[in-house]
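Enquirer: Have a look at this one before I ask anything.
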Amino acid sequence: MAISKMLLVTAGLVMAGGLAQAESKLADTSDKRIALSNNYAGNSWRQAMLQTWEDVAGQAVADGVVAAADAYTTSENQATEQAAQIQNMILQGYDAIVLNAASPTALNGAVKEACDAGLTVVSFDGIVTEPCAWRIAVDFAAMGKEEVDYLASRLPEGGNLLEIRGLAGVFVDDEISKGIHAGVDEHDQFTIVGSVHGDWAQDVAQKAVAGILPSLPEIVGVVTQGGDGYGAAQAFKAAGRDTPLIVLGNRQDELQWWAEQRDANGYETLSLSIAPGVASLAFWVAQQVLAGAQVPKDLTVPFLKITQDTLDEALASTPEGSVANVTYALEDAQQVIADAK
């Protein structure tokens with residue numbers, strides 16, 4: 001599938017002989033229990049992430065690879081609540097925690113408690129800075145900058161931009177925004193004239209954009225973080241304003257809207273995001289650490305990019321209401337680990 005090729009990983013990756021030999025020396029993990037600590041589930045990306053975890057980790061339990069792989073999501077995106085959740089996981093006797101964190105720093109105390117209690121902690125997407133934890137992330141700043149680079153290639157004369165951010169205070173939001181602003185510094189023909197938080201959700205983004213639009217001049221482009229592009233388009237339409245060039249975030253409703261606009265008037269844009277299947281990579285990394293594999297503390301994976309040429313294939317493979325995705329198998333995780341070494 002082309003989407004997998006863009007990520008340079010496929011479910012059918014063939015293991016090198018060294019990887020196979022290393023795997024045979026690893027410890028059995030069939031009695032190990034892994035928990036997912038997730039800080040937020042209020043958008044399609046998080047729902048796809050949780051579904052990927054259920055599919056992959058659930059199958060690993062059924063296959064006897066691990067004894068348990070339970071998922072927990074806090075009711076609010078609050079670091080204090082997630083810290084308490086992590087402390088409960090320690091008391092419940094889990095061997096590893098896979099963590100999508102509400103804050104890169106506010107959970108460090110709870111993460112250190114888990115490490116000191118002998119647990120393996122693997123953070124992904126929303127990573128933590130505590131040194132004892134593992135981290136899996138894309139280069140979110142590079143992703144944000146690529147949005148502006150793309151706009152510069154399409155709109156060389158520049159103009160006014162609207163920035164739609166994600167969840168306030170979360171590592172991902174800060175990093176993508178940092179990259180966007182670095183891109184604007186480099187391409188100074190653009191000016192960010194407005195910024196709102198869309199919380200990575202179409203309905204929130206639509207309301208936020210609708211609220212700020214009356215105060216904004218003409219907008220030529222919208223830089224986003226995912227889960228917000230379609231909502232932004234609807235807000236511009238409702239306001240009777242021309243649709244700017246909106247960078248999208250791989251959600252099915254965004255891709256469907258893009259295809260419809262392309263067919264109607266030749267609309268062209270770019271869509272990019274971290275694949276929610278990174279949760280499956282985090283699961284396998286935790287399993288490999290528990291098995292005794294030597295895993296670097298920091299792992300980086302590419303973001304998933306959809307272009308005009310790959311739109312139809314991506315849309316066809318993305319379920320309604322979901323997000324374009326890639327699922328990682330054990331062999332993929334072993335390859336990512338080997339590449340990081």
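Enquirer: Got a number for residues in region 318-338 being more than 23 Å from Glu147 (Cβ to Cβ) and not acidic (Asp, Glu)?
Expert: 12
Enquirer: Sticking with this one: Determine whether region 180-188 contains at least one residue that is aliphatic (A, V, I, L, M), surrounded by fewer than 17 Cβ atoms within 10 Å (Cβ to Cβ) and either within 19 Å of Lys305 (Cβ to Cβ) or in contact with a strand residue (DSSP E or B) (Cβ under 8 Å, 6 or more places away or on another chain) (or both).
Expert: Yes.
Enquirer: Of everything in region 189-212 that's more than 25 Å from the chain's Cα centre (by Cα) and in a strand (DSSP E or B), which residue is surrounded by the fewest Cβ atoms within 10 Å (Cβ to Cβ)?
Expert: Top of the filtered list is Thr191.
Enquirer: Residue pairs, Cβ under 7 Å, 6 or more apart or interchain, first in region 169-183 and over 12 Å from Val148 (Cα atoms), second β-branched (Val, Ile, Thr). List them.
Expert: Hits for this filter: Phe171/Ile127.
Quick grid of which residues meet (1) in contact (Cβ under 8 Å) with a residue 12 or more places away in the chain; (2) over 20 Å from Glu130 (Cβ atoms); (3) of a type in the set (Lys, Arg); (4) open to solvent by 20 Å² or more (accessible area, probe 1.4 Å):
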position	(1), (2), (3), (4)
Lys32	yes, yes, yes, yes
Ala35	yes, no, no, no
Asn43	yes, yes, no, no
Gln47	yes, yes, no, yes
Asp55	yes, yes, no, yes
Gly58	no, yes, no, yes
Gly64	yes, yes, no, yes
Tyr72	yes, no, no, yes
Glu76	no, yes, no, yes
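Enquirer: Select from region 297-312 the residues that are more than 20 Å from Trp45 (Cβ to Cβ) and out of contact with any strand residue (DSSP E or B) (no Cβ under 8 Å at 6 or more places or on another chain) and write down the one among them that is least open to solvent (accessible area, probe 1.4 Å).
Expert: Only one residue tops the list, namely Gln308.
Enquirer: Inside region 78-99, can you point out the residues that are farther than 20 Å from Gly169 by Cβ, free of Cβ contacts under 8 Å to residues at least 60 places away in the same chain and touching a Leu at 6+ places or on another chain (Cβ under 9 Å)?
Expert: Answer for region 78-99, where residues must be farther than 20 Å from Gly169 by Cβ, free of Cβ contacts under 8 Å to residues at least 60 places away in the same chain and touching a Leu at 6+ places or on another chain (Cβ under 9 Å): Met89, Ile90.
Enquirer: Out of curiosity, is Ala168 in a helix (DSSP H, G or I) and open to solvent by 10 Å² or more (accessible area, probe 1.4 Å)?
Expert: Against the criterion (in a helix (DSSP H, G or I) and open to solvent by 10 Å² or more (accessible area, probe 1.4 Å)), Ala168 does not qualify.
Enquirer: Which of the residues spanning region 71-121 are among the small types (Gly, Ala, Ser) and in contact with a Phe, Trp or Tyr (Cβ under 6 Å, 6 or more places away or on another chain)?
Expert: Within region 71-121, Ala71 is the sole residue that qualifies.
Enquirer: Of the residues Gly229, Gly240, Gly266, Gly292, which single one is in contact with a Leu (Cβ under 7 Å, 6 or more places away or on another chain) and farther than 24 Å from Asn43 by Cα?
Expert: Gly292
Enquirer: Of all residues being in a strand (DSSP E or B) and not charged (D, E, K, R) in region 115-149, which is surrounded by the most Cβ atoms within 10 Å (Cβ to Cβ)? Just the residue, please.
Expert: Looking at the filtered set, the residue picked out is Val122.
Enquirer: Can you confirm whether region 39-47 contains a residue that is of a type in the set (A, V, I, L, M), under 25 Å from the mean Cα position of the chain (by Cα) and at pLDDT 50 or above?
Expert: yes
Enquirer: Could you please give the count of residues in region 104-114 that are open to solvent by 20 Å² or more (accessible area, probe 1.4 Å) and part of a loop (DSSP other than H, G, I, E, B)?
Expert: Result for region 104-114: 3.
Enquirer: Which of the residues that make up region 315-335 are surrounded by 14 or more Cβ atoms within 10 Å (Cβ to Cβ) and within 17 Å of the chain's Cα centre (by Cα)?
Expert: Matches in region 315-335: Thr318, Ser322, Val323, Ala324, Asn325, Val326, Thr327, Tyr328, Ala333.
Enquirer: While we're looking at this one, here's another question. May I ask you to list the residues in region 150-159 that are touching a residue at least 24 places away in the same chain (Cβ under 8 Å) and either open to solvent by 40 Å² or more (accessible area, probe 1.4 Å) or hydroxyl-bearing (Ser, Thr, Tyr) (or both)?
Expert: The answer is Tyr150, Arg154, Leu155, Pro156, Glu157.
The values are calculated or read from the model by the stated rules, or taken from the named source; none is laboratory data. Please read all numbers here as calculations on a predicted model, not as lab measurements. Please note: Cβ atoms are built from the backbone with ideal geometry, for glycine as well, and neighbour counts cover all protein chains shown. Each accessible area value is taken on the protein alone, full model and side chains, heavy atoms only, with ligands, DNA and RNA left out. Shrake-Rupley method; radii C 1.70, N 1.55, O 1.52, S 1.80 Å.
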